[in-house]
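Peer 1: Just passing along the structure, written as structure tokens.
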Amino acid sequence: MGESKEERIERLLREGLDLYGGDEISAAILSWEKVLELDANNTEALDYLRTADRRSRPRPAKREKMASAVAALLQEARALMRQGEFASALDLLRSASGPDFSGLEFEAVVELVRSRLYRTYCERIGDLQRVPIVRSDIGSLKKFNLPADAGFLLSIVDGATSLSNLVSLSGMDAFEALRTLDGLLDAGIVELQQ
């Protein structure tokens, strides 16, 4: 006994879905077109064909777009570095997020910028045995709206502990601690005793 028209339509719809799921789009489309030969107004087949048509159209790959975005970001960061704007380059690189912004080239540029800035901070700060002191009273510090790291580092500045010990006590990466201290020096919140 042969299958009825409805059974054949159901079988062709299922076969089309199986083919589509296996990434055989062309074969799935043929299956659904056979359904339309049996029932020209079959809404399932029409819907599946619309979806398959959208999927089969050529479009730029997401990877290519992300690779282009990463390349543009790195180009902009390198331009900032050539202008001596290393802090801005680091801020730009840190603004990027996601797994695409963690490749070898990206990480190398971040480390290059950090290395250059670290030298700059060390040159500016000088001897790490120097002792920082707070220049402002607690009340006037509120106007600065300090980030948490800066607030914590400032809270352990006691006028007796050296910079090297403050870096160790902070538990922060040495680069981040010196960067934060440099920002506090720029803002005039702390100064270094001679």
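Peer 1: For each of K142, K34, K65, count neighbouring Cβ atoms within 10 Å of the residue's Cβ, then give the residues from fewest to most. Before the final figure, lay out each step's value.
Peer 2: Numbers: K142 9, K34 17, K65 12.
Fewest-to-most ranking of K142, K34, K65: K142, K65, K34.
Peer 1: Moving to a separate point now. In percent, how large is the relative contact order of region 132-192, given Cα pairs closer than 8 Å and 6 or more residues apart? Please list the in-between numbers first.
Peer 2: Working: 51 pairs, mean separation 31.4, N = 61.
The normalised contact order for region 132-192 reaches 51 percent.
Peer 1: What's the angle, to the nearest 10 degrees (0 to 90), between helix 174-186's Cα axis and the longest principal axis of the chain?
Peer 2: The angle comes out near 60 degrees.
Peer 1: Something else: Which order do the peptides 117-123, 21-27 come out in when sorted by mean C-beta neighbours inside 10 angstrom, highest first? Before the final figure, lay out each step's value.
Peer 2: Values: 117-123: 14.4, 21-27: 11.7.
The peptides rank, most packed first, as 117-123, 21-27.
Peer 1: Also: Give me the net charge for the shell around R14: Cβ to Cβ below 12 angstrom, other residues only, Lys and Arg +1, Asp and Glu -1.
Peer 2: Details: positive: R8, R11; negative: E7, E10, E15, D18, E44.
So the surrounding residues net to -3.
Peer 1: OK, next. Per DSSP H run of at least 4 residues, take -39500 (n - 2.57); add these up for the chain, divide by its residues and hand me the 222 nm value, nearest 500 deg cm²/dmol. Could the numbers behind the result be given before it?
Peer 2: Working: 10 runs with 131 residues, N = 194.
When only DSSP H runs of four or more count, the value is -21500 deg cm²/dmol.
Peer 1: In addition: I'm spelling it out carefully: the read-out is percent of Cα pairs over 28 Å apart, the candidates are (1) 56; (2) 18; (3) 25, and one was derived from this structure. Which label?
Peer 2: This structure yields the entry labelled (1).
Peer 1: Could I ask something else about it? Working from Cα positions, state the angle (0 to 90°, nearest 10) between the long axis of helix 25-38 and the longest principal axis of the chain.
Peer 2: 40 degrees
No value in this document is a laboratory result; all are computed from the given coordinates. Keep in mind it's a predicted model, so treat the numbers as computed, not measured. Cβ: placed from backbone, ideal geometry, glycine included. Neighbour counts: every protein chain shown.
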